[in-house]
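Reading through the structure tokens given below for one structure.
The values are calculated or read from the model by the stated rules, or taken from the named source; none is laboratory data. Note that the coordinates shown come from a computational prediction; the quantities given were computed from them, not determined experimentally. A quick note on method: Cβ atoms are made from the backbone with ideal geometry, for glycine too, and the neighbour counts reach across all protein chains shown. These area figures cover heavy atoms from the full protein model, side chains too; ligands, DNA and RNA do not enter into them. Shrake-Rupley method; radii C 1.70, N 1.55, O 1.52, S 1.80 Å.
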Amino acid sequence: MAEKSANAMWGGRFASGPDAIMEAINASIGFDQRLAREDIAGSRAHAAMLAAVGILSDSDAQAVREGLLTVLSEIEAGTFRFSTALEDIHMNVESRLAELIGEPAKRLHTARSRNDQVAVDFRLWVRGQCDAAEEALRALQRALVTQAEAGADWVMPGFTHLQSAQPVTWGHHMMAYVEMLGRDRGRLMDARRRMNESPLGAAALAGTSFPIDRHRTAEELGFDRPMANSLDAVSDRDFALEFLGPQASARCT
């Protein structure tokens with residue numbers, strides 16, 4: 001089935017599938033398999049929305065949502081076989097879903113493009129990494145405060161221009177880093193607020209003619225709102241750069 005799907009993506013005018021070297025170049029599954037949880041979450045939300053607006057039957061939506069949970073359990077258990085012939089996490093998941101539930105799997109892509117699917121997967125993943133980094137910084141701050149309290153009266157030399165200057169305490173020195181890390185946490189949370197919009201529903205770049213409910217999928221995925229512009233939704237990646245900024249600052253600290 002994997003070979004058949006890959007050949008279908010390659011194009012109907014070719015007599016055979018891509019050469020092995022082209023298959024290796026095009027495949028991103030070695031990297032984007034880490035988006036499995038986000039990809040499945042986005043697809044489950046999309047299926048529920050399609051059923052809610054009457055595009056997908058309730059039975060098909062239920063089969064899709066349950067089948068996706070089965071795929072996720074296989075991935076988390078380490079029994080899922082990723083295929084480079086299927087190129088990316090999206091095709092790997094969809095191919096396995098079709099094996100599990102058959103015809104209903106083909107309807108999952110209704111009113112959706114690979115473009116908005118990739119965009120929502122990546123945004124969900126970066127948002128999760130943002131939350132993890134913020135909590136790690138918070139834990140580091142707590143550890144530094146504990147050190148500061150333990151050495152509140154320990155006198156040590158303060159340095160300026162690589163030379164001893166005024167005396168300070170160990171506690172005062174530790175609290176300087178607490179302040180620095182607090183600013184990094186603030187930057188992360190500012191970035192999170194900006195990135196917390198849903199690109200689902202933008203489709204390839206100009207939306208879809210199906211009567212979808214973008215607010216419903218945004219809410220199910222924990223976004224504050226859908227993105228306002230479909231072109232921006234599928235092309236925006238600056239939220240990832242914003243996330244990386246505080247990481248660089250923290251490393252300098």
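Scanning the stretch 94-134 for residues that are open to solvent by 30 Å² or more (accessible area, probe 1.4 Å) and β-branched (Val, Ile, Thr) returns 101, 110, 118. Filter the stretch 49-69 down to the residues that are within 20 Å of the chain's Cα centre (by Cα) and open to solvent by 10 Å² or more (accessible area, probe 1.4 Å), then identify the one that is nearest to residue 27 (Cα to Cα). Once the filter is applied, the top-ranked residue is 69.
Within the stretch 152-167, none of the residues are of a type in the set (A, V, I, L, M), in a helix (DSSP H, G or I) and open to solvent by less than 70 Å² (accessible area, probe 1.4 Å).
Of all residues in the stretch 96-113, which are at pLDDT 95 or above and under 26 Å from residue 197 (Cβ atoms)? Selection gives 108, 110, 111, 112, 113.
Just one of the listed residues (145, 126, 120) is out of contact with any Lys or Arg (no Cβ under 7 Å at 6 or more places or on another chain), part of a helix (DSSP H, G or I), within 22 Å of residue 47 (Cα to Cα) and at pLDDT 95 or above, namely 120. Is one or more of the residues making up the stretch 86-93 touching a residue at least 24 places away in the same chain (Cβ under 8 Å), under 26 Å from residue 219 (Cβ atoms) and acidic (Asp, Glu)? The answer is no, given that none of the residues of the stretch 86-93 is touching a residue at least 24 places away in the same chain (Cβ under 8 Å), under 26 Å from residue 219 (Cβ atoms) and acidic (Asp, Glu). Annotation: residue 229 fulfils all but one of (1) within 30 Å of residue 51 (Cα to Cα); (2) in contact with a helix residue (DSSP H, G or I) (Cβ under 8 Å, 6 or more places away or on another chain); the unmet one is (2). Taking the stretch 182-253 as the region of interest, the helices (runs of 4 or more DSSP H) fully inside it that hold 3 or more residues being modelled with pLDDT under 95 and either in the same structural domain as residue 133 (by the TED database) or over 16 Å from residue 126 (Cα atoms) (or both) are 238-252. Just to be sure, is residue 20 under 19 Å from residue 81 (Cα atoms), surrounded by 16 or more Cβ atoms within 10 Å (Cβ to Cβ) and at pLDDT below 95? Considered against the rule, which asks whether it is under 19 Å from residue 81 (Cα atoms), surrounded by 16 or more Cβ atoms within 10 Å (Cβ to Cβ) and at pLDDT below 95, residue 20 comes out as no.
In the set 77, 63, only one residue is more than 24 Å from residue 199 (Cα to Cα) and touching a residue at least 40 places away in the same chain (Cβ under 8 Å); that residue is 63.
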